[in-house]
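Reading through the structure tokens given below for one structure.
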Amino acid sequence: MKEFERKQLLERVDREGATVGASIPETITVQGEEIDLQEFVFEIKRRDTVPPGERERVERAKKNLRRERLQRKQRIERGEVSYEEGERLAESVIGLDRALSALESLDGGDVEQEARRKEAMDQKRWMNFLKKALGRESGNKTRGRR
């Protein structure tokens, strides 16, 4: 995969609103286990709140989905896949994000936790933006001095 293609895929994955219109994958393999992800999310979403008996199961699922998302994104970052495989990974990461958003929206009871999570994500996006902006800016200064 070419460097610009890798960057393009990573930008798509990290784009604000990337999950708008995205579908939750029907099935996904996480930690070697195939999960009917779409069915699981819809089953949980049918309820207004997560029952106490199901809360641990949902939290474990979210933790595993986050881990799987990170691993797939890292494969793109390292450029160890073809562009076609990178596209499939990017789509699956966006689908995982969609599933995570759906599951996290059920935690509406803890407004403070959700606000902290959103603030942390905003800070991360801001830092990534600054790194990119400053990296380009310093790169231009270096080229001008040669």
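Give a residue-ordered list of calculated ³J(HN,Hα) values for segment 3-19 (Karplus: 6.51 cos²θ - 1.76 cosθ + 1.60, θ = phi - 60°; whole Hz; x for Gly, Pro).
For segment 3-19, the Karplus curve yields 4, 5, 5, 4, 4, 4, 5, 5, 5, 5, 5, 8, 4, 4, x, 4, 7 Hz.
Can you compute the modelled spin-label distance between residue 104 and residue 39, with each label point 7 Å from Cα toward Cβ, in nm?
Here the answer is 2.7 nm between the modelled labels.
With labels modelled as points extended 7 Å from the Cα through the Cβ direction, what inter-label distance (nm, one decimal) is found for residue 27 paired with residue 14?
Placing both labels 7 Å beyond Cα along the Cβ direction yields 3.4 nm.
Quick check on the chain: helices-only [θ] at 222 nm, where DSSP H runs of length 4 and up contribute -39,500 (n - 2.57) each and the sum goes over total residues. Nearest 500, please. Provide the component values of the computation, followed by the final result.
On the way: 5 runs with 105 residues, N = 146.
That comes out to -25000 deg cm²/dmol.
Can you tell me, using C-alpha contacts under 8 Å and at least 6 residues apart, the relative contact order of segment 3-109 as a whole percent? Can you show the working numbers first?
Details: 96 pairs, mean separation 46.4, N = 107.
This gives 43 percent for segment 3-109.
Amide H to amide H under 5 Å from residue 35: which residues, 5+ apart in sequence or cross-chain, H placed 1.01 Å off N in plane?
Under 5 Å from the amide H of residue 35: 28, 29, 30.
Which angle from 0 to 90°, rounded to the nearest 10, does the C-alpha axis of helix 52-78 make with the longest principal axis of the chain?
The two axes meet at around 20 degrees.
Rounding to the nearest 20 debye, state how big the charge dipole of the chain is about its Cα centre with +1 on each Lys and Arg Cβ and -1 on each Asp and Glu Cβ.
On the way: 34 positive and 31 negative charges, 251 e Å.
In total the dipole reaches around 1200 debye.
Restrict the search to segment 1-101; then list the GluC sites (Glu not before Pro) that DSSP places in a loop and that have at most 13 other Cβ atoms within 10 Å of their Cβ. All intermediate terms of the calculation are to be shown ahead of the outcome.
Values: sites: 3, 5, 11, 16, 26, 33, 34, 39, 43, 54, 56, 59, 68, 77, 80, 84, 85, 87, 91; in loops: 16, 26, 80.
Answer by residue number: 16, 26, 80.
Give the order of 36, 97 when sorted by the count of other beta carbons within 10 angstrom, beginning with the fewest. Working shown, then result.
Numbers: 36 13, 97 19.
In increasing order of surrounding Cβ atoms, one gets 36, 97.
Which angle from 0 to 90°, rounded to the nearest 10, does the C-alpha axis of helix 111-145 make with the longest principal axis of the chain?
In the chain, helix 111-145 runs at an angle near 10 degrees to the longest axis.
Which one, 44, 24, 94, has the greatest fluctuation when you compute a Gaussian network model over the chain with C-alpha springs under 10 angstrom?
Looking only at 44, 24, 94, the biggest GNM fluctuation is shown by 44.
We did not get these values from a lab; they are worked out from the coordinates using the rules stated. As the structure is a computational prediction, the values presented were derived from the model and not from experiment. Here the Cβ is made from the backbone with ideal geometry for all residues, glycine too, and neighbour counts use every protein chain on show.
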